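Trainee: Once you've had a glance at the structure underneath, I'll fire off some questions.
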Amino acid sequence: MQLLDGKLLSENIKAELAAEVDQLIKDGKKVPHLVAVLVGDNPASEVYVSNKIRSCEQIGFRSTLIRRNADVAQGDLLKIVHDLNNDPEVDGFIVQLPLPKHINEEKITLAIDPKKDVDGFHPVNFGRMAQGLPAFLPATPYGILEILRRHNIETAGKHCVVVGRSNIVGTPISILLSRKGYPGDCTVTLTHSRTQDLPAEVRRADIVVAAIGIPNFIKGDWVKEGAVVIDVGINRIADSSKKSGFKLVGDVDFDAVAPKCSFITPVPGGVGAMTVTALLMNTMKATQKEIYS
Ligand code: NAD
């Protein structure tokens, strides 16, 4: 069994991006500029956004944080999005989700210019992704592809079972892995809460992608010998031995599943570590106009 170290991979990719930034500076070009819009004081969102800003600083990207109180009017938020769309100094931006209940997330997402949608949540990017056209890929699935690619994990003809069909993880990764090319060319089964006999489906998988949000959900006897297991879940469970009182676990029962796998991502330090890096890769692509000219 080999651990797929997302943290190490992410450090390597960040070093590559930092070198690209140095080259841009040498060439007299502008460095990538990412803007994050944070509404309210959701503690998880605070952590995610500060990670994103810190990662930008680490590799020499310019970053700007725009904060608004939880009671911001939807119209004011739309104005911010509109201004960012039209600001030539901004290469890409994200509006951190979830947003407060009075704000229509769909309306905000639709207002973002697809050319600056480095989160890859806009339906234009989603549709382009589905058709195999250049697109900003959603960060978590993009991170998973990089984990597979940079470990040379074979995917062609493999049976991949994705558990969970969310718009940000399960559905896009199922599309990406079924697409022509590498990593891809898999035969994909997309499973969810209505799937009958989920253990039997997972047992047929050469590659399992677990994105459910239930701690230790995928059991040892559900996984075939030699399978590749990608655990997307990030769940807090109580742990009195930790100062914080909790620890992070994935959606896969790691201790039972790991001995059967050829490769497995740990939690933490697996997919989660790659998600912010994928956002940085998208921002570099936005600056270089790789997706949209
Ligand atoms: P979600 O809640 O939007 O979707 C969960 C999916 O799991 C749904 O499609 C549902 O059908 C399926 N599901 C629920 N119960 C099930 C069951 N009993 N059997 C089969 N399927 C079931 O979740 P999400 O946003 O995709 O997130 C999933 C997990 O991944 C969470 O733990 C989340 O924290 C984590 N996550 C991690 C990252 C990362 O960067 N690593 C990014 C996004 C989400």
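Trainee: What Cys residues in the chain have no fellow cysteine's beta-carbon under 4.7 angstrom?
Mentor: So, C56, C261.
Trainee: Where Lys and Arg each count +1 and Asp and Glu each count -1, what net charge lies around L97 among other residues with Cβ under 10 Å from its Cβ?
Mentor: Local net charge: -2.
Trainee: Which listed residue (A238, Q196, P268) has the Cα farthest towards the positive end of the charge dipole for the range 188-277, taking +1 on Lys and Arg C-beta and -1 on Asp and Glu C-beta about the Cα centre?
Mentor: Highest projection toward the positive end goes to A238.
Trainee: Quick check for me: using +1 on Lys/Arg Cβ and -1 on Asp/Glu Cβ, what's the dipole size of the range 243-293 about its Cα centre, in debye to the nearest 20?
Mentor: With only Lys, Arg, Asp and Glu charged at Cβ, the dipole is about 180 debye.
Trainee: Can you give me the angle between helix 6-26 and the longest principal axis of the chain, using Cα atoms only, in degrees from 0 to 90, rounded to the nearest 10?
Mentor: In the chain, helix 6-26 runs at an angle near 30 degrees to the longest axis.
Trainee: What is the Cα coordinate range of the chain on the first, second and third principal axes, sorted by size from largest, in whole angstrom?
Mentor: Over the chain, Cα extents along the principal axes are 53, 41, 36 Å.
Trainee: Separate question: Within the range 31-111, which GluC sites (Glu not before Pro) sit in a loop by DSSP and count at most 14 neighbouring Cβ atoms inside 10 Å?
Mentor: Numbers: sites: E46, E57, E89, E105, E106; in loops: E89.
Qualifying residues, ordered by number: E89.
Trainee: Would you please state the base-10 log of I(q)/I(0) at q = 0.12, 0.19 1/Å for the range 1-110, with intensities from the Debye formula using one equal scatterer on every alpha carbon?
Mentor: Relative scattering, expressed as log10 I(q)/I(0), comes to -0.52, -1.01.
Trainee: For a quick size check, give me the Cα extents of the range 47-142 along its three principal axes, largest first, whole Å.
Mentor: Principal extents (Cα only, largest first): 39, 32, 26 Å.
Trainee: So what is the relative contact order of the chain, in percent, for Cα pairs below 8 Å that sit 6 or more residues apart?
Mentor: Rounded, it is 21 percent for the chain.
Trainee: Of the DSSP beta bridges with both residues in the chain, give the percent that are antiparallel, rounding to the nearest 5.
Mentor: 10 percent
Trainee: Next question, about the same structure. Mind ranking R150, R236 by accessible surface for me, highest first, 1.4 Å probe? Mind showing how you got there, number by number?
Mentor: Numbers: R150 95, R236 170 Å².
Sorted descending by solvent-accessible area, the residues read R236, R150.
Trainee: So which lysines pass the test for K29, namely a Cα distance under 22 Å, with those fewer than 8 places away in the same chain ruled out?
Mentor: Partners within reach: K14, K115, K116, K285, K289.
Trainee: If the convex hull of the alpha-carbon atoms of the range 188-293 is projected onto planes in all directions, what is the mean projected area in square nanometres?
Mentor: Convex hull of Cα atoms, orientation-averaged projection: 9.2 nm².
Trainee: Indicate, rounded to the nearest 5 percent, the antiparallel portion of the DSSP beta bridges found entirely in the range 182-291.
Mentor: For the range 182-291, the DSSP antiparallel bridge percentage is about 35.
Trainee: Under 8 Å for C-alpha pairs, at least 6 residues apart: give me the relative contact order for the range 139-272, rounded to a whole percent.
Mentor: The normalised contact order for the range 139-272 reaches 22 percent.
The values are calculated or read from the model by the stated rules, or taken from the named source; none is laboratory data. In this text the structure is predicted, and so the values were computed from the model without any measurement. Positions of Cβ are generated from backbone atoms using ideal geometry, with glycine treated the same way; all protein chains shown enter the neighbour counts. Accessible surface areas use protein heavy atoms only, side chains included; no ligands, DNA or RNA. Shrake-Rupley method; radii C 1.70, N 1.55, O 1.52, S 1.80 Å.
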